[in-house]
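All remarks here apply to the structure that follows.
The values are calculated or read from the model by the stated rules, or taken from the named source; none is laboratory data. All values derive from a computational prediction rather than experimental measurement. Because the Cβ atoms are built from the backbone with ideal geometry, glycine has one as well, and the counts that use them run over all protein chains shown. When the accessible area is computed, the model is the full protein with side chains, heavy atoms only, and any ligands, DNA or RNA have been set aside. Shrake-Rupley method; radii C 1.70, N 1.55, O 1.52, S 1.80 Å.
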Amino acid sequence: MTRITRRQFHISVLAAAAAATLPTFVRSETAPILHAREGSARLAPAEYPETRIWGYDGTVPGPVLRARQGERMTQSLRNDLPQASSVHWHGIRIENSMDGVAGLTQPAVAPGEEFLYDFALPDAGTYWYHPHNRTYEQMARGLYGALIVEENEGAPDVDLDEVLLIDDWRVTDDAQIAEGFGNMHDWAHAGRIGNWITVNGNGVWSSEVAHHTRMRLRLVNTANARIFTLEGRGLEGWVVALDGMPLEAPQPLGELTLAPAQRADLIIDVVAGEGEEAFLVSFERDGGYAIAAFPVTGVARQARLSAPGALPPNHVPFLGPLETAARAELRMEGGAMGGMRGAMIGGRMMGMRDMAAEGKVWAFNGMADMGDTPLLDARMGETVRIAMINDTAWPHGMHLHGHHFRQIGVDGRLGPLRDTILMNRGETVEIAFVADNPGDWLLHCHMLEHSAGGMMTWLRVT
Ligand code: C2O
Ligand code: CU
């Protein structure tokens, strides 16, 4: 006897009813479930207890979701957390209603409820997913995972394809997640910086390789606020993509900076010898730490493979003339040592002290949080440029939803496609993109305490 799956059952029932086409609820009922719930994870070494976390399918990280370019991704979020939640598919040039921004593109999904995400994957590359409701708490508790879109053709030839989600956690002495998510000192400074770094939820992540193994490493910074500065030891190679988007030519890997939410795809050869160990090293104020280890056993091949070519490009529209582009300016203000006196909140002017009492310590153009009117109202297909001025004493990782952009250099040269860009204190960065995706899109700092503390605005494309 053949086993009848739920899907076949629905189809046969409908066929019996002589339905001409399958209504969409069939797809919704058979969508894989992405289950946001409590769980536990071994973040710390064996002498510590396991850590109680919140995770997709109860794990940290959540499942690696993989699909091919051009396919659809279908996932039904089932929320069994004690809080309302949502899923944002970070970096996907997605249809607006599937962007997962609670309060803008959908209502938050209440505990016990489900929400169906069903969207196209236009671009190959390394993406990720995370909540977009009380993100500063939900991500710090472990809710995130990788979304990998594979190239249809032209994928690089590698022995290993590893996804490395790099996170830092603030944990107590017994390895439990520290409370204090609303700590205004964190919010007004660098954000919630942790005291324990993991790769794929593991403080001692390691993967066995051979001499001259070639790997594709897909790095994602999933930390709330920490900026990672990374380097290889016994590993040599190239950066081939940033924020999912292929570079025109591979860049030799030196020191790599990843702001929160940024990704890098690397093609790496193990140059450490047999019996040695290669490392990915993170530089912190007090020195360098190996965050991922690659013990070398055996020899994959006698000589290194030749240098890789570029990944096949994704079809992001070319920028129109920049002189006539629609323009906006975004002045970033506030935070500790920023000298901001006050800002508008919900249509009311407030002094810094009153703002802080409301949990708001940052502002864009003199306004904390999203206003009723967008920063910019763009017409479909219009080229847009936004000058962002970091008038604060802190770095910020600015993220645009629904589009990838390029930095316009001071010399007029264009940077690589990105969805998140790191801005240092005092720096001005101008970005440009074609507003080709209709809807309301966030532009915010991805240091999650900063966005919750006011660094949030939006654009409209119609
Ligand atoms: Cu990674 Cu607004 O999000
Ligand atoms: Cu910030």
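Rounded to the nearest 20 debye, the dipole magnitude of the range 373-462 is 120 debye, with +1 charges on Lys and Arg beta carbons, -1 on Asp and Glu beta carbons, and the Cα centre as origin.
Rounded to the nearest Hz, the phi-derived 3J(HN,Hα) couplings of the range 63-68 under the Karplus curve 6.51 cos²θ - 1.76 cosθ + 1.60 (θ = phi - 60°) are x, 6, 8, 10, 8, 9, where x marks glycine and proline.
Working value for the range 355-462: equivalent-ellipsoid semi-axes of 23, 18, 10 Å, each the square root of 5 times a Cα gyration tensor eigenvalue, largest first. Taking the DSSP beta bridges with both ends in the chain, the antiparallel portion is around 75 percent. The GluC sites (Glu not before Pro) of the range 257-303 that DSSP puts in a loop, and whose beta carbon has at most 13 other beta carbons within 10 Å, are Glu274. Residues whose amide H comes within less than 5 Å of that of Ala378, counting only those at least five positions distant or on another chain, are Arg460, Val461, Thr462 (H built at 1.01 Å from N in the peptide plane). Extension gain for Arg348 to Gln251 (0.36 nm times residue separation, less C-alpha to C-alpha distance): 30.1 nm. One compactness figure for the chain is 1.00, namely its Cα radius of gyration divided by 2.2 N^0.38 Å. Distant-in-sequence amide contacts of Met367, defined by a placed amide H-H separation under 5 Å and a gap of 5 or more residues or a different chain, comprise Met344. The H on the amide N of Glu95, modeled in the peptide plane, is under 5 Å from the matching H of Ala120, each at least 5 residues off or on a different chain.
Any idea how far apart Ser97 and Met380 come out in nm if each label point goes 7 Å out from Cα toward Cβ? Result for the modelled spin labels: 1.5 nm. Entry note, the range 112-172: relative contact order of 32 percent, from Cα contacts under 8 Å with a spacing of 6+ residues.
Using a Debye calculation, one point per C-alpha and no hydration shell, please list log10 I(q)/I(0) for the range 102-199 at q = 0.10, 0.16 Å⁻¹ in order. Once normalised to I(0) and log-transformed, intensities are -0.43, -0.94.
Potential lengthening of the chain between Ala303 and Ala120 amounts to 61.8 nm, from the contour at 0.36 nm per residue minus the alpha-carbon distance. Stretching the chain fully between Glu329 and Glu276 yields a gain of 13.9 nm (0.36 nm per residue, less the alpha carbon separation). Exposed loop sites are taken as trypsin sites (Lys or Arg not before Pro) in a DSSP loop (any state but H, G, I, E or B) with at most 16 other beta carbon atoms within 10 Å; the longest stretch of the chain without one runs 4-284. What the Cβ-Cβ distance of Asp411 and Ala155 gives, at R0 = 35 Å and to the nearest 0.05, is a FRET efficiency of 0.55.
Per-residue ellipticity at 222 nm from helix content only, as computed over the chain with -39500 (n - 2.57) for each DSSP H run of at least four residues, stands at -2000 deg cm²/dmol. For the range 292-419, the per residue solvent-accessible surface stands at 51 Å², with DNA, RNA and ligands left out and a 1.4 Å probe.
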